[in-house]
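Report on the following structure.
The values are calculated or read from the model by the stated rules, or taken from the named source; none is laboratory data. Fair warning: this is a prediction, and the values are worked out from it, not measured in the lab. Virtual Cβ from ideal backbone geometry, glycine too; neighbours counted across all protein chains shown.
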Amino acid sequence: MTADVAARSSDALAVDSVTKRFGGVTALNAVSLHVARGERRAIIGPNGAGKSTLFAVISGSQRPSAGDIEIGQRRTTGMPAEQVARLGVARTFQMSSLFAENSVLENVMLGTLTAGGQAWNAASSFDRLAPSEHDGRRALASVGLADKADVAAAQLSHGESRQLELAVALAQRPAMLLLDEPLAGLAGPERERVGRLLLDLPRDVTILLIEHDLDFAQNFADRMTVLDNGEVLAEGTPQQVRADPVVQTVYLGTGSAPVRREHARGETLLAVRGLACGYGQALVLEDVSIGVSRGEVVAILGRNGMGKSTLLNALMGFLPLRSGSIELAGTDLAKTPALVRARSGMALVPQGRRMLAGLTVTEELALGARPGPWNIERALALFPRLRERARNESQTLSGGEQQMVAIARALLRNPSLLMMDEPSEGLSPALIKTLEAAISSLRDDGETVLLAEQNVDLALAVADRVYILERGRVVAHEPAAALAANRSRLERSLGL
Amino acid sequence: MLAVLGVIAALVPFALHGYPLYVASEVALYALAAVALDLLAGYAGLVSLGQAAFFGIGAYAAAIVSAHAGPNIALTLAVGFAAAAVFGAVVAPLALRSAGIFFLMITLAFAQLVWATADKWRSLTGGSDGFVIAKVALSDTAFYAVCLGLLVVTLLLLARLLRAPAGRVLDAVRQNEPRARALGLAAFWYKYWAFVVAGGITGLAGVLHAHHRNFASLADLSWTNSVLLLVIVLLGGLRSLWGAVAGAAVFVLLQVWISSITDRWENFLIGAVLVAIVLLTRRGLWSILFPPAAVAAER
């Protein structure tokens, strides 16, 4: 191995036996990786394999415990993040990470300050911002956010923040770009636009891409590296990697779709009528009426920004209603606070996981647990990965592992209605299959689930019925089986 | 609005003399310290509970320089600024290793260290007896002009700084430091210079305070003085330099007014009024005059 990874002068990046430990967990174990100038490299692997940690170590935000890193022939091991950035390294973060109070334009302008690796310090002249505004607007236009320039970053939808994240990195005019799941949480035209944008990036930029969408990664990358458990499992051209049987079992997952058991539908558990709500002056949802029967899995499909998360947050009580009613098992909860709704049996798996600082996985799970069929043992059996992480702080887990904690945490509340906001976001294909199996088994056990998803395949595989949201209104409502039989009509109504 | 305030402030000495003019100077010098703390707590996100150290260092610098070289206000201001800024420059690398509540604790600890040193080093500071300072050769009106002038210049420079790229970066670092660093912005140095500059300005306020009272004492270094400055800034509203000025004016005038009514219930009443103001105006006094929407549009 060492022989093939000996430094080559054309290398833009050389990672040499890098190890990173967090307390007792070895996130990276002697990882070596060479990326040629202008190469596009996809890094794939299961959740918790160390992909994001690898980016953190390369970009200087984490110091490796052992090993060496060279960027463009310069040793950068232990160099602070801002100096690595000035060598022309830009990165996007897995969970959108913006300057929330600033406008969209100001976010990208901050990115241009050190564009192309130029030095920048507090003493720089006051008139720096004029050219920066020009560059910033161009970067925004390239990701399709030009008309959002003056909106506060905090007001962007999830998909738009992903686009902004990318625009900020591009504004840095990087020689090397580290992209951490740029397509996560994007669907339809947004996904297509960002995907196109990535494919059209200039070929002289060296790009490392973490992505769970294997088709995209294969299409995009010159070479792929597979990480598993902090080690390099395989490396090669996309064809070689995909054909590798070890990769097949570890990453892609095997087994067939779970058998769907038909079961009788119970009485109505959740009845929402004429719901309207919004933020500030803007009305996000209008006249939304949906119903969920006991023991049923209902999916809400829709593109980003169509109001899926807003609907779940409004149901959970995080957002006041303008009008409408929310009945759970016959009791009107529309005017009650979130706490009362939670006690009445609603539980939400929020988008973005929301781990609590300073708690271990076990503590996080135990915190909200209520007596019922779900206990910690059963939750850990559903996600065996969490058993290994039980004593780690939940905030140190990888994105996918945090998603598992969030789902397990909600199940342990033994809710009568489990709501999930894009549970598949950021999960590897193998884990999406696990999730699919988990939701199906919940359904078979008679649990009631309301799911907001962009992943059409997952939604159709698990749901009994589907509502489609478009610009804050329910535009279609059909049995999942009917939609599955007619995908093209579904895609039309989703605007895919 | 600002022009009106400026005219009022400039007319104060002609309309006032004696005690009211004394109070006006008090407002100006506390406003100076509050503006500095707002730069730190509001814009840099570094909530310091140790500003009394800078304030007291300025005060003792004024006392010691006056004792040796005579009460020359230009000289004491220069030395007070330098001493406080140097103290900030030395302490910052240690204090900035922490953030949030830990930053608050460590700045408090450093301030207590300075207090203890001043308490023990009697030959230099007079210890708990305090340090009487010869009166500077300025009329009350001229002294007020010095206080107001320093405040106005500081406000103009800081407002300019905060609109400039450097200020925008400081604000970005407060919101999301890892992101700022990934953009190649050296977060540490922005916080470092904010800390040092705020320290120097607070030192100036300390110098003015000492000349105003003709006295420097351990009370200037006391942690209650740090709390007072933080209360003024929160009262006025974080991230608004004018808010800090308004906070200082309201606080000082409130204190004067209430102590003229009673001397037994003073702290209780001040506390009650502060609780009421904070409950009624979540974002400080300034947000009543300029509601947040208008502020956003202004930017």
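What residue, among those in the range A:154-186 that are under 22 Å from residue A:55 (Cβ atoms) and touching a Phe, Trp or Tyr at 6+ places or on another chain (Cβ under 8 Å), is surrounded by the most Cβ atoms within 10 Å (Cβ to Cβ)? So, considering only residues that are under 22 Å from residue A:55 (Cβ atoms) and touching a Phe, Trp or Tyr at 6+ places or on another chain (Cβ under 8 Å), the one surrounded by the most Cβ atoms within 10 Å (Cβ to Cβ) is A:165. Which residue out of B:88, B:58, B:42 is at pLDDT below 95 and either crowded, with 22+ Cβ neighbours inside 10 Å or outside any helix (DSSP H, G or I) (or both)? Of the residues listed, the single one that is at pLDDT below 95 and either crowded, with 22+ Cβ neighbours inside 10 Å or outside any helix (DSSP H, G or I) (or both) is B:42. With the requirement that a residue be in a helix (DSSP H, G or I), at the interface with another protein chain (Cβ under 9 Å from one of its Cβ atoms) and more than 17 Å from residue B:196 (Cα to Cα), what does the range B:146-175 give you? If the condition is that a residue be in a helix (DSSP H, G or I), at the interface with another protein chain (Cβ under 9 Å from one of its Cβ atoms) and more than 17 Å from residue B:196 (Cα to Cα), then B:160, B:163, B:165, B:168, B:172, B:175 are the ones that fit. Scanning the range A:84-94 for residues that are assigned to a loop (DSSP other than H, G, I, E, B) and closer than 18 Å to residue A:210 by Cβ, we see that the one that is nearest to the other protein chains (Cβ to nearest Cβ) is A:93.
Taking the criterion of being at pLDDT 95 or above, under 21 Å from the mean Cα position of the chain (by Cα) and farther than 30 Å from residue A:83 by Cβ, would at least one residue in the range B:177-193 satisfy it? No, the range B:177-193 has no match at all. Counting only residues that are charged (D, E, K, R) and surrounded by fewer than 21 Cβ atoms within 10 Å (Cβ to Cβ), which one in the range B:176-216 is farthest from the other protein chains (Cβ to nearest Cβ)? The extreme case among them is B:213. Can we say residue B:117 is touching a helix residue (DSSP H, G or I) at 6+ places or on another chain (Cβ under 6 Å), more than 30 Å from residue B:187 (Cβ to Cβ) and among the polar types (S, T, N, Q)? No.
Listed by position, the strands (runs of 3 or more DSSP E) contained in the range A:17-83 that have at least 1 residues being surrounded by fewer than 18 Cβ atoms within 10 Å (Cβ to Cβ) are A:25-36, A:66-71.
If you go through the range A:204-228 and keep only what is in contact (Cβ under 8 Å) with a residue 12 or more places away in the chain and either among the β-branched types (Val, Ile, Thr) or surrounded by fewer than 16 Cβ atoms within 10 Å (Cβ to Cβ) (or both), you end up with A:204, A:205, A:206, A:207, A:210, A:219, A:222, A:225, A:226. Evaluating residue A:140 against the criteria (1) within 22 Å of the chain's Cα centre (by Cα); (2) within 24 Å of residue B:166 (Cα to Cα); (3) at the interface with chain B (Cβ under 10 Å from one of its Cβ atoms); (4) at pLDDT 90 or above leaves one unmet condition, (3).
Assessment of the range A:158-173 against the conditions (within 11 Å of another protein chain (Cβ to nearest Cβ), outside any helix (DSSP H, G or I) and at pLDDT below 85) yields no matching residue.
Quick one: would you say residue B:164 is modelled with pLDDT under 95, crowded, with 22+ Cβ neighbours inside 10 Å and within 30 Å of residue A:91 (Cβ to Cβ)? No. Residues in the range A:422-455 that are surrounded by 24 or more Cβ atoms within 10 Å (Cβ to Cβ) and among the charged types (D, E, K, R): A:422, A:453.
In the range B:18-34, the residues that are free of Cβ contacts under 8 Å to residues at least 40 places away in the same chain never reach a residue that is crowded, with 24+ Cβ neighbours inside 10 Å and not β-branched (Val, Ile, Thr) with C-beta atoms less than 9 angstrom apart, at least six apart or across chains. Output yes when any residue across the range B:107-127 is without any contact (Cβ under 8 Å) to a residue 24 or more places away in the chain, surrounded by fewer than 20 Cβ atoms within 10 Å (Cβ to Cβ) and either under 14 Å from residue B:195 (Cα atoms) or touching a strand residue (DSSP E or B) at 6+ places or on another chain (Cβ under 7 Å) (or both), and no when none is. Checking the range B:107-127: not a single residue is without any contact (Cβ under 8 Å) to a residue 24 or more places away in the chain, surrounded by fewer than 20 Cβ atoms within 10 Å (Cβ to Cβ) and either under 14 Å from residue B:195 (Cα atoms) or touching a strand residue (DSSP E or B) at 6+ places or on another chain (Cβ under 7 Å) (or both). Determine, yes or no, whether residue A:194 is in a helix (DSSP H, G or I), of a type in the set (Val, Ile, Thr) and surrounded by fewer than 23 Cβ atoms within 10 Å (Cβ to Cβ). In short, yes.
Can residue A:322 be described as surrounded by 22 or more Cβ atoms within 10 Å (Cβ to Cβ), out of contact with any Ser or Thr (no Cβ under 7 Å at 6 or more places or on another chain) and either touching a residue at least 24 places away in the same chain (Cβ under 8 Å) or of a type in the set (Ser, Thr, Tyr) (or both)? Judged against the criteria, residue A:322 is not a match.
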